[in-house]
1. Just the projected area, averaged over all directions, of the convex hull on the alpha carbon atoms of segment B:123-185: how many nm²?
2. Restricting to segment A:27-272, compute how many DSSP beta bridges are antiparallel as a %, nearest 5.
3. Taking just the alpha-carbon atoms of chain B, what radius of gyration and Dmax come out, in angstrom?
4. Using the Karplus curve 6.51 cos²θ - 1.76 cosθ + 1.60 with θ = phi - 60°, work out ³J(HN,Hα) for each residue of segment A:238-244 in order, rounded to whole Hz, and write x for Gly and Pro.
5. How charged is the neighbourhood of B:Ala119? Take every other residue with its Cβ under 15 Å from the Cβ of B:Ala119, and add Lys/Arg as +1 and Asp/Glu as -1.
6. Provide the percentage of antiparallel DSSP beta bridges, counting only those with both residues in the protein assembly as shown; round to the nearest 5.
7. Over segment B:123-185, what is the relative contact order in percent, taking alpha-carbon pairs closer than 8 angstrom and at least six residues apart?
8. Given a Förster distance of 41 Å, report the FRET efficiency between B:Asp199 and A:Leu161 from their Cβ-Cβ distance, rounded to the nearest 0.05.
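What follows draws every value from the coordinates through simple rules; no lab data is involved. Bear in mind that the values here come from a model prediction, so they are computed numbers and not experimental data. Methodologically, a virtual Cβ is constructed for each residue, glycine included, from the backbone with ideal geometry; neighbour enumeration extends over all protein chains shown.
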Amino acid sequence: MTLYPMDAPAQGPTRDLPRLMSAAPILSMTGINRRFGTVVALQDVSATVYPGEVLGIVGESGSGKSTLLRMMNLEDSPDSGDYRLAIPGSAGNLFDLDRYARRMLCARHIGIVYQNPHLGLLMENSSSGNVAERLLIAGERRFSVLRSRAREALDASEFPLERMDARPVELSGGMQQRVQLAKAIALEPALLLLDEPTTGLDVSVQALVLDTLKRLQRDRAITMVLVSHDLGVIRTMADRVMVMRKGRVVEEGLADQIFQDPQHPYTQALVHAKL
Amino acid sequence: MIVQTAMPAASASLAPDLPVIEVEGLAKHFDMHHLGQRLDAFSGIGFRIMPGQFLLLTGHNGAGKSTLLRTLYRSYLPQAGHVWLNTAEGRIDLARAADVDVALLRRREIGFVTQFLNARPRVPAEDLVAEPLRLAGRPAAEALAVARAALAEFGVKRELWAAYPSTFSGGEQQKVNLARALILPQRLLLLDEPTASLDAGARAALVRRLAALKAQGVAMIGVFHHPGDVAGLIDAELNLDNKETSNVAK
């Protein structure tokens, strides 16, 4: 191998459009722009996620990754941009939906796990009640069905069922994340959004939560979008990775390519900074 | 993980006179932004491999042997050239193919055997080996049975099958790695020093397996620290020091 002075800034080689992937994307976002006052939070961001894939989104604090995830969960609207999900009965730009329609769509088709369990759970309600609430919103009224499906979702999230009636406030951080996960997957969502799901957990608990996610991915082929600033988590979980900086996508690629052959100066700095 | 699509499984059923892979003018360099420098790995690489052929990559340390394998697998992005893979769906240029297509091809057509196992915490050896089959849609019990047979083939002791490989010795980990990497049928196998750290028994098992795959029409490109391990399988050599390809007399 020979060293030369660099002559031009690196541009990743252009890639062809998918030819072999016959399935349509579950998620397609194009041209998302969002400003908060003078701050540009997202600038011309596009993302595509195919069925069964895990898309990892990495970037430093303030890069716009969590704002983008909130858009995917229809909690916020962009100044401009288009968002489509390949789910039954959905056509057109989801940002055009009113609040009620958004809420119904999210309850039925999108699950989310937040870093902070207080955002995702009612801490004083029982764990099983938290999961059942999701089913109630979607229209289920039969108590026995609510109970059995909550139990099933908690079990799939590897939550100890003898504690299913404990309140999240009484649970450890790792257990709270499992309740969030159970709530998120109770309706078998088309899309599971994970916003720093293991940040702040002990390393051993983090490994357990990641293992649960991996198992769910393997057994149920759930499509996931995972936001994390922890490159180890992204490397363990993601098939493809999108790197964000200052509201823009600076690079995207297969996870092993992003980690082994990063192209953009920022991605190189990020990857090389990993311990 | 990418779910199943209608794409047919890998098979050697494509026309036998069609190369599995054709590489043209392939070039790779690394831009090291923090140094403001460019590291040239190789350029002008070209070769073609027919079904059942085995190409050995040779050259001194740093000649770019492993870099070439990783570029063919698309862990590295090439700057120029083409890597044409003849698939059942037509000719695909791996140098430019969409990421999702590369991910699918890795599942169905291209295997990469490294010298290290990527052991995940809390995953037993037999589950790790069975995972590619599970992801390809095979039932759990069947996948586990095939995985156990593969572990036995490479000499992993039965009492270790349910244990976590992260606690195994380097040699034992490599046996698990081989069992996993070779569990799915493929048309092209990339081999990056797979015999390093193996004992004689496992090395012989690997060579037997590679010979069987070769007989089935699987094409292989490999780097071996001791090419004598696979001497009987080699059809051609590509020396990356001078980029010359030579056929090996049988």
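1. Details: hull surface 14.9 nm².
Mean orientational projected area (segment B:123-185, Cα hull): 3.7 nm².
2. Details: 18 of 34 bridges.
The antiparallel proportion sits near 55 percent.
3. Computed over the Cα atoms of chain B, radius of gyration and Dmax are 18.1, 53 Å.
4. Residue by residue, segment A:238-244 yields 8, 7, 10, 10, 10, 9, 10 Hz.
5. Details: positive: A:Lys214, A:Arg235, B:Arg120, B:Arg122, B:Lys175, B:Arg180; negative: A:Asp211, B:Glu126, B:Asp127, B:Glu131, B:Glu172.
With Lys, Arg at +1 and Asp, Glu at -1, the neighbours total +1.
6. Working: 44 of 76 bridges.
Looking only at bridges with both residues in the protein assembly as shown, the antiparallel portion is about 60 percent.
7. Details: 73 pairs, mean separation 30.2, N = 63.
Averaging sequence separation for qualifying contacts and normalising by length gives 48 percent for segment B:123-185.
8. Details: r = 45 Å, r/R0 = 1.10.
The pair B:Asp199/A:Leu161 has a calculated efficiency of 0.35.
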